[in-house]
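Each value in this text was obtained by applying a stated rule to the coordinates, not by laboratory testing. In this text the structure is predicted, and so the values were computed from the model without any measurement. Quick reminder, even Gly has a Cβ in these numbers, built from the backbone with ideal geometry, and neighbours come from all protein chains shown.
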Ligand SMILES: NC(=O)c1ccc[n+]([C@@H]2O[C@H](COP(=O)([O-])OP(=O)(O)OC[C@H]3O[C@@H](n4cnc5c(N)ncnc54)[C@H](OP(=O)(O)O)[C@@H]3O)[C@@H](O)[C@H]2O)c1
């Protein structure tokens, strides 16, 4: 089981991928708009983690938030997921790479700890490998040393998770996956998480599911609640126990996304959305 269930996780995470030079401004804006959870990665190919640190520092200096108000999550990305801008020595062993990547993340983010440290993806799509076990153990040491409060894994299948548990590995506190409605919104992995009190974080809830956003049921619920299909999807995600991510770059969309939690959906409506396309 996770070391202890997280008590202070917000109900939405702001994702900082693909924002390049706009990362500092958008991170600060997200905090100003009310987000209290930020997701990034020490993977320069898709994220500008140093820019997240700049945005957080600006928000802290302006008195918008204190560091302790913000749930800060970053990731360890192994070499195949990186470009040439590596946050570690590629010749070092995996445990050393984890320690170097974490040290670099803390420097980028201007903090002495993150709240969640996520393994960006297992080494193989087929299952949990010895390399994953080494990285995961090294991440556990970072947690034990106080440099992260919790650990998570991303881009995992049920098979990965089952093999992880069978190998005696510590159960993650978070699982972060791309969530396809046509796969029952990642039904199998969510069920695994629910049984073990793991918090499931869903990304690409909008971009992976355009058919849901245009579906009559969803557009009808949106019209009834004088809200938008995107808000229906995010609220649905929260009601079924998911922690959703949004990567919007638009201030009005930030506001809308955060306001999703005010929407009411009945149990029947939730069930209908859950089985809409898969
Ligand atoms: N672990 C991983 O491997 C992994 C992979 C991918 C992503 N992530 C994380 O998840 C975060 C989110 O990524 P994502 O794939 O879910 O989203 P995304 O690629 O950032 O895209 C969100 C899309 O939804 C639109 N949107 C958001 N709110 C909206 C609203 N209220 N109305 C209309 N459109 C809206 C945005 O457009 P506007 O900008 O115009 O609002 C944008 O086009 C990333 O930033 C990253 O932190 C993790």
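If the segment from residue 211 to residue 32 were pulled out straight at 0.36 nm per residue, it would be longer than the present Cα-Cα gap by 61.3 nm.
Dividing the summed -39500 (n - 2.57) terms of all DSSP H runs of n ≥ 4 by the residue count of the chain sets its mean residue ellipticity at 222 nm at -12000 deg cm²/dmol.
By the count of other C-beta atoms within 10 Å, a proxy for reagent exposure, 224, 196 are ordered fewest to most as 224, 196. Using a cutoff of 8 angstrom between alpha carbon atoms and counting only pairs six or more residues apart, the relative contact order for the chain works out to 18 percent.
Between residue 194 and residue 129, what length in nm is gained on full extension when 0.36 nm per residue of separation is reduced by their alpha carbon distance?
21.0 nm
Its residues counted as N, the stretch 1-132 yields a C-alpha radius of gyration over 2.2 N^0.38 Å of 1.07. By the beta-carbon count within 10 Å of each Cβ, the least crowded to most crowded order of 14, 47, fewest first, is 47, 14.
Based only on the alpha carbon positions, what is the Kirkwood hydrodynamic radius of the stretch 206-273, in angstrom?
Result for the stretch 206-273, one decimal place: 12.1 Å.
Among 264, 77, 23, the largest mean-square fluctuation in a Gaussian network model of the chain (Cα springs under 10 Å) belongs to 264.
Using the average count of surrounding beta-carbon atoms within 10 Å as a protection proxy, the listed peptides 38-44, 133-139 rank, highest first, as 38-44, 133-139.
Could you tell me what a quarter of the Cα convex hull surface of the chain works out to, in nm² with one decimal place? For the chain, averaging the hull's shadow over all directions gives 14.0 nm². Between residue 264 and residue 277, the contour length at 0.36 nm per residue exceeds the alpha carbon distance by 2.5 nm.
Take the Cβ atoms of residue 166 and residue 79, set R0 to 35 Å, and the FRET efficiency comes out at 0.85. Counted over the stretch 147-278 with a bin width of 10 Å, the fraction of Cα pairs per bin, in whole percents, is 12, 42, 31, 13, 2. FRET efficiency for the residue 145 to residue 252 pair, using the beta carbon distance and R₀ = 45 Å, is estimated at 0.60.
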